[in-house]
1. Considering only residues of segment 47-62 that are free of Cβ contacts under 8 Å to residues at least 40 places away in the same chain and touching a helix residue (DSSP H, G or I) at 6+ places or on another chain (Cβ under 8 Å), which is nearest to VAL17 (Cα to Cα)?
2. Select from segment 108-124 the residues that are in contact (Cβ under 8 Å) with a residue 40 or more places away in the chain and farther than 14 Å from LEU28 by Cβ and list them in ascending order.
3. What is the number of the single condition among (1) within 19 Å of ALA136 (Cα to Cα); (2) over 13 Å from the mean Cα position of the chain (by Cα) that ARG91 does not meet?
4. Just to confirm my filter: which helices (runs of 4 or more DSSP H) fall fully inside segment 16-134 and include at least 3 residues that are crowded, with 20+ Cβ neighbours inside 10 Å and of a type in the set (Gly, Ala, Ser)?
5. Can you confirm whether segment 162-171 contains a residue that is over 17 Å from PHE61 (Cβ atoms) and surrounded by 14 or more Cβ atoms within 10 Å (Cβ to Cβ)?
6. Which one of these does VAL150 not meet: (1) open to solvent by less than 80 Å² (accessible area, probe 1.4 Å); (2) in a helix (DSSP H, G or I); (3) among the β-branched types (Val, Ile, Thr); (4) touching a strand residue (DSSP E or B) at 6+ places or on another chain (Cβ under 9 Å)?
7. Mind checking which residues of segment 106-117 are within 15 Å of PHE131 (Cβ to Cβ) and under 16 Å from the mean Cα position of the chain (by Cα)?
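The values are calculated or read from the model by the stated rules, or taken from the named source; none is laboratory data. Predicted, not measured: the structure shown is a model, and the values here were computed from it. Cβ coordinates were reconstructed from backbone atoms using ideal geometry, including for glycine residues, and neighbour counts include every protein chain displayed. Protein only, heavy atoms only, side chains kept; ligands, DNA and RNA dropped before computing areas. Shrake-Rupley method; radii C 1.70, N 1.55, O 1.52, S 1.80 Å.
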Amino acid sequence: MTRFTQAELEAARDRLVPDVVADGLAVLFCGINPGLMTAATGHHFARPGNRFWPVLHLSGFTPRLMKPAEQGELLPYGLGITNVVARATARADELSAEEYHEGGQLLASRLTGWKPRWLAVLGVTAYRAAFDDRKAQVGPQERMFGDTRVWVLPNPSGLNAHWTAATMAEEFGRLRVAAQD
């Protein structure tokens, strides 16, 4: 993996990370916001300690462990990636309540055009903040955006020590099975 200096990572804060999206996906995974490594590389979940790519494979969404640079290869599997908030930060706790709220509104409007079957929000705290649903738990939600159903998944960040890769893979796998219906 490319090594970046702290100055290069800080400069990445202003870079937008393109969505990996196509119309009619089975599942659109939605991160909180890009981290600095993601912004520097342009590849979602690029930080080495992030468990998104291993868990995606362990749960059966992909037939092999993919690297962040291969994110475009998700589309043929009916999978995509976006974020609630576009602004890159070192940590998600740098985001304001207004950014979450505005990001949630923008995401909801974008979903009507993309029409994925499932929106998978990666992090219950992010989902609660973006969609003002303080009681939400990990799992399927009652809320829908048009025909798009919503599932909240655990945040794959290495900072989320409450979930192991194995337990996250179980929850991701539940969504995978539901998305096949």
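1. Per the stated criteria, the residue is TRP53.
2. Looking only at segment 108-124, we keep the residues that are in contact (Cβ under 8 Å) with a residue 40 or more places away in the chain, and these are 111, 113-123.
Selection gives GLY123 alone.
3. (1)
4. The qualifying helices (runs of 4 or more DSSP H) are 124-131.
5. Among the residues of segment 162-171, not one is over 17 Å from PHE61 (Cβ atoms) and surrounded by 14 or more Cβ atoms within 10 Å (Cβ to Cβ), which makes the answer no.
6. Only one criterion is unmet by VAL150, namely (2).
7. Selection gives LEU106, LEU107, ALA108, ARG110, LEU111.
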